Structure formats: structure tokens, C-alpha cells
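Trainee: I am attaching a structure below and will ask some questions about it afterwards.
The values are calculated or read from the model by the stated rules, or taken from the named source; none is laboratory data. The structure presented is a predicted model; accordingly, all values stated were derived computationally and were not measured. Neighbour counts run over all protein chains shown; Cβ positions are idealised from the backbone, glycine included.
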Amino acid sequence: MRALFTAYIAMMACGACAQKKEASFTSPANYHLDRPERIELPAELKEVSGITFLNGDPNTLFAQQDEDGHLYYLRPGDKSANYIKFAEQGDYEDLTINNKHFVLLRSDGSFFSFPLQQPDRADTRAVMSEKILPKGEYESLATSTADNRLYVLCKQCNVDKKTSQTTGYVIKLEANGKLTRTESFVIDNKEISKHTKLKGKAFRPSALAKNEKTNEWYILSSINKLLVIADNNWKVKEAHLLDPKLFNQPEGMAFDKDNNLYISNEAGDTEKATLLKFVYQKQ
């Protein structure tokens with residue numbers, strides 16, 4: 001009887017090991033997602049929802065949070081952030097810089113753009129507000145320097161209901177700040193499932209960034225705790241489970257000029273929001 005009990009305990013232990021192995025966390029070839037440089041963000045960015053850099057300069061981080069119509073700017077590590085007001089309160093989710101303009105995305109698909117100047121001297125009277133996307137919820141916005149276009153992904157859109165795809169849209173930004181939707185594309189979520197199990201959950205992107213060095217799209221999902229990498233035609237190449245101890249609520253993502261990767265976490269249940277820096281590793 002004792003031998004049977006010992007065998008049972010050993011079997012249960014092996015099962016736990018197998019589960020742990022199945023949930024192992026991996027990284028893209030040039031980054032160690034388990035070894036970040038952790039930078040705390042100031043209290044006003046507790047709900048940080050998007051980050052970007054101007055020309056990849058890591059000395060100034062531009063950010064927004066999902067309650068106020070403020071564009072924040074600071075040196076990573078600063079105890080407080082400066083800001084300019086570009087709109088009233090709302091659910092703002094991401095931002096980018098394109099064609100000498102700041103562009104900020106609200107979750108309902110509305111865009112806010114204004115000319116790129118020194119932030120403390122920006123003329124917010126020049127803000128243009130446009131809603132050119134179909135009904136849905138959006139959290140991901142990025143620029144591709146290859147074609148100087150904006151790209152946005154649905155988090156949850158009517159067009160994707162009862163499908164296994166995630167739809168995205170390409171946006172052209174004119175020199176005067178006017179936005180025009182030009183075309184759409186899709187990500188096949190079945191391709192993601194070939195790399196890691198979605199466990200019955202729909203794929204819900206929360207941030208998007210272009211790795212200009214590899215010409216790949218990095219797609220972050222806070223809900224799925226997942227980093228997906230797609231080629232320039234949006235074909236999924238990799239998918240990496242994220243450790244929730246490091247990525248408690250990842251909502252923002254950007255690359256700097258040295259191809260270092262940055263992911264921001266909202267504070268959530270923790271005391272501070274964080275900026276995680278992953279240094280680019282040459283192979």
C-alpha cells in the first residue's frame with residue numbers, strides 16, 4: 001500500500017512538472033524577456049496605455065494614460081512627468097509619431113493629431129480629431145517607416161465576430177494632419193495557435209510596434225499574456241507566452257534606435273506602473 005502511495009505521489013509530481021513545462025515562457029531570438037531593466041514610472045502614469053520615442057531617441061519617452069487627454073513626456077526614471085493637454089477625458093490607448101505629427105488613438109477608433117513641436121510649446125489649437133474606423137474597440141497603433149503609414153489593430157470589432165481573425169487597417173497621414181483609411185489586412189489567429197494555445201480565448205491585441213531592423217511586427221496582448229511576431233505581410237512567425245510576474249498588465253510597446261525593446265505595464269494591482277527595457281542581443 002505504501003509503495004502504491006509513493007508511486008501516486010511521484011506520478012502527480014511528474015504531472016505538475018509537465019504542466020509547468022507546457023506553460024514555459026520563451027523569448028524572441030534577440031531578446032531575453034526574463035531579464036528586463038525595470039524602470040518605475042511616475043504616479044501620473046499609473047494607467048499608462050501607450051509609449052513611443054521620437055526618432056528612436058530613448059532619452060525622452062512619450063506616453064499617454066487611458067483616462068486623460070494628456071500627452072506626457074519624461075526621461076525614463078524621472079519621478080514626475082510633464083504633459084500637454086490635447087483633448088478632454090476619454091479612454092486613450094496608444095500613440096505614435098508620423099509625418100511630423102503626434103497621433104493618439106482613442107479606444108472607439110477616434111484619432112487625435114497635432115504638429116510635432118517641442119511638447120511644452122505644442123499648439124493644441126491645431127489638434128485634428130477624426131473617426132475613420134469601423135465600430136469596435138482599438139488599443140494598438142504604430143508607424144512603419146518603410147511606407148510612412150500608420151497601422152492599427154482591432155482589439156474587438158464587429159467584423160471579426162464569429163471568425164478566427166484579427167483585422168487591422170492602414171492609415172495615411174497627410175502633411176496637414178488629415179487621416180485617410182487606405183486598406184485593411186488580417187491576422188489569422190489559427191496561425192497563432194500553431195505556436196501556443198489560446199485556450200479558447202480570442203486574441204486581443206493591446207499594443208503594436210514595428211521592428212525596423214528585422215521588418216517584423218511585434219504584437220502584444222495583455223489579456224492573453226502573449227507576444228506575437230508577424231512578418232511584413234502579417235503572417236505569424238512566433239508567439240511567446242509572457243510571465244505574468246513581469247508582465248502584470250502590458251499595454252504599451254516601442255523600439256529605440258538601437259533596437260532595444262520597451263514594454264510598459266499599467267500598475268493594475270501593484271503600486272507602480274513600470275517600463276521594462278530589453279536590450280537587443282546580437283546573434
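Trainee: Tally the residues that are in a strand (DSSP E or B) and either more than 20 Å from Tyr138 (Cα to Cα) or hydrophobic (A, V, I, L, M, F, W, C) (or both), restricting the search to segment 225-283.
Mentor: Counting residues in segment 225-283 that are in a strand (DSSP E or B) and either more than 20 Å from Tyr138 (Cα to Cα) or hydrophobic (A, V, I, L, M, F, W, C) (or both) gives 22.
Trainee: Any idea which of (1) out of contact with any Gly (no Cβ under 9 Å at 6 or more places or on another chain); (2) among the aliphatic types (A, V, I, L, M); (3) modelled with pLDDT of 95 or more is the one Leu95 doesn't satisfy?
Mentor: Condition (1) is where Leu95 drops out.
Trainee: Take the residues of segment 156-213 that are of a type in the set (Lys, Arg) and under 17 Å from the mean Cα position of the chain (by Cα): which is nearest to Gly56 (Cα to Cα)?
Mentor: Lys210
Trainee: Within segment 89-108, take every residue that is among the polar types (S, T, N, Q) and in a loop (DSSP other than H, G, I, E, B) and give me the one that is farthest from Val152 (Cα to Cα).
Mentor: Gln89
Trainee: Of all residues in segment 170-209, which are of a type in the set (A, V, I, L, M) and surrounded by 12 or more Cβ atoms within 10 Å (Cβ to Cβ)?
Mentor: Val170, Ile171, Leu173, Leu179, Val186, Ile187, Ile192, Leu198, Ala202, Ala207, Leu208, Ala209, listed by residue number.
Trainee: Would you mind finding the one in Ser140, Ser144 that is at pLDDT 95 or above, crowded, with 21+ Cβ neighbours inside 10 Å and not basic (Lys, Arg)?
Mentor: Within the list Ser140, Ser144, the selection yields Ser140.
Trainee: Take the residues in segment 37-78 that are small (Gly, Ala, Ser) and buried (at least 16 other Cβ atoms within 10 Å of the Cβ); name whichever of them is farthest from the chain's Cα centre (by Cα).
Mentor: For segment 37-78, the residue satisfying everything is Gly69.
Trainee: Within segment 79-88, is even one residue part of a loop (DSSP other than H, G, I, E, B), crowded, with 20+ Cβ neighbours inside 10 Å and not aliphatic (A, V, I, L, M)?
Mentor: Checked segment 79-88: at least one residue is part of a loop (DSSP other than H, G, I, E, B), crowded, with 20+ Cβ neighbours inside 10 Å and not aliphatic (A, V, I, L, M).
Trainee: For segment 180-194, state whether one or more residues are assigned to a loop (DSSP other than H, G, I, E, B) and out of contact with any His (no Cβ under 7 Å at 6 or more places or on another chain).
Mentor: Within segment 180-194, one or more residues are assigned to a loop (DSSP other than H, G, I, E, B) and out of contact with any His (no Cβ under 7 Å at 6 or more places or on another chain).
Trainee: Quick test for you: out of Glu130, Glu88, pick the one residue that is more than 22 Å from Gly268 (Cβ to Cβ), free of Cβ contacts under 8 Å to residues at least 24 places away in the same chain and not polar (S, T, N, Q).
Mentor: One residue alone meets the criteria, Glu88.
Trainee: Any idea which residue in segment 253-276 is nearest to Ala43 (Cα to Cα), counting only those that are touching a strand residue (DSSP E or B) at 6+ places or on another chain (Cβ under 6 Å) and of a type in the set (Gly, Ala, Ser)?
Mentor: Ala273
Trainee: Still on this structure, please answer the following. Against the definition (of a type outside the set (S, T, N, Q) and within 19 Å of the chain's Cα centre (by Cα)), how does Leu116 come out, yes or no?
Mentor: no
Trainee: Still on this structure: Any residue at all in segment 161-179 that's in a helix (DSSP H, G or I) and on the phi < 0 side of the Ramachandran plot?
Mentor: For segment 161-179, residues in a helix (DSSP H, G or I) and on the phi < 0 side of the Ramachandran plot: absent.
Trainee: Sticking with this one: What are the residues in segment 15-49 that are modelled with pLDDT of 95 or more, closer than 20 Å to Glu216 by Cβ and of a type in the set (Gly, Ala, Ser), if any?
Mentor: Selection gives Ser27 alone.
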